[in-house]
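This report concerns only the one structure given below.
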Amino acid sequence: MGNNPKILCVIPARGGSKGIRNKNIKKLKKKELIFYTIDFAMNFKDVLDIVVSTDSKKIRNIVNKKYINLIKNLRPKRLATDDAFTTDVIKYELEKKEKKGFNYNYILLLQPTVPYRRVSDLKKCLKIIDSKKFDSCITICDVGANHPHRMKILRKNYLKNFCNLKKESMVPRHLLPKVYIRSGSIYLISKKSFFKYNSLVGKKCTGLVVDGKYSINIDQIFDFELAQKQ
């Protein structure tokens with residue numbers, strides 16, 4: 001990505017977790033979940049400035065045993081609540097780095113809840129963003145059977161079509177238009193667009209499709225068990 005890329009890579013790993021207790025340091029195949037993401041990022045250490053952002057002393061201690069002083073300071077508790085926005089966490093970490101004289105053109109978010117990533121996928125995202133045609137690139141996956149044309153909402157106890165379709169759609173799944181959802185694996189955006197839209201998804205965003213184990217994002221125990229089987 002150019003000769004001198006300036007990319008801040010943020011891995012947000014708070015201590016609290018509702019779905020799975022201590023999720024980020026729960027062992028997946030004898031390896032703490034967070035290390036799947038850190039180890040992946042280290043493949044790009046020549047082009048990334050890697051920051052692991054956490055409020056947890058336990059996470060800091062575990063990470064620093066393998067990567068000495070990777071985590072120096074803890075983020076404030078106000079940025080580690082269930083209602084805290086990831087964008088605010090990034091702004092906090094970015095401000096700390098820039099006060100030390102660092103300057104970045106791009107921001108990369110790697111969520112520690114995604115255990116499986118391909119090096120080639122991030123290389124593709126870096127190449128896409130370097131073309132200047134798009135201001136952001138994120139990984140996406142097919143929604144599969146959970147298609148919006150099949151979704152419902154309850155309104156006064158009556159089932160209504162989520163997509164405001166006038167009649168029930170009985171179209172076979174393979175004939176439905178392709179619909180994707182963010183996989184949560186890779187978010188890459190220019191710093192300018194990040195601040196302009198206060199989002200990790202810009203107005204000129206493109207998607208990189210991932211599937212299979214590369215689309216797993218661990219939220220509940222079912223996801224963890226699925227990841228164990230890969």
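Taken together, the values in this text are just the output of simple stated rules run on the coordinates, not laboratory data. This one's a predicted model, so the numbers in the text were calculated from it and none came from an experiment. So basically every Cβ, Gly included, is an ideal-geometry build from the backbone, and we count neighbours across all protein chains shown.
How large is log10 I(q)/I(0) at q = 0.20, 0.25 Å⁻¹ when the Debye formula is applied to the Cα atoms of the stretch 19-88, each weighted equally and without solvent? Normalising to I(0) and taking log10 leaves -0.97, -1.32. Note: relative contact order over the chain, using C-alpha pairs below 8 Å and six or more positions apart, is 25 percent. In loop segments of the stretch 120-183 as defined by DSSP, the chymotrypsin sites (Phe, Trp or Tyr not before Pro) with at most 14 further C-beta atoms inside 10 Å of their C-beta are Phe162. Using Cβ point charges alone (K and R +1, D and E -1), the dipole size of the chain about the Cα centre works out to roughly 280 debye. The C-alpha atoms of the chain occupy a region whose extents along the principal axes are 59, 41, 34 Å, arranged from largest to smallest. Absence of a disulfide-compatible partner, taken as no other cysteine beta carbon within less than 4.7 angstrom, is noted in the chain for Cys9, Cys141, Cys163, Cys205. Counting only alpha carbon atoms, the long axis of helix 86-99 and the longest principal axis of the chain meet at about 20°. Percent of Cα pairs in the stretch 1-130 per distance bin of 5 Å, from zero to the largest separation: 2, 10, 20, 24, 21, 14, 7, 2, 0. Whole angstrom only: what separates the Cα centroid of the stretch 195-230 from the Cα centroid of the stretch 51-111? The distance from the Cα centre of the stretch 195-230 to that of the stretch 51-111 comes to 20 Å. Positive-end ranking of Ser56, Leu200, Leu108 along the dipole of the chain, with charges on Cβ about the Cα centre, is headed by Ser56. Exposure proxy shown here: for Lys45, Lys213, the number of other Cβ atoms within 10 Å sets the order, fewest to most, as Lys45, Lys213. Across all C-alpha atoms in the stretch 99-230, the radius of gyration and Dmax reach 18.1, 59 Å.
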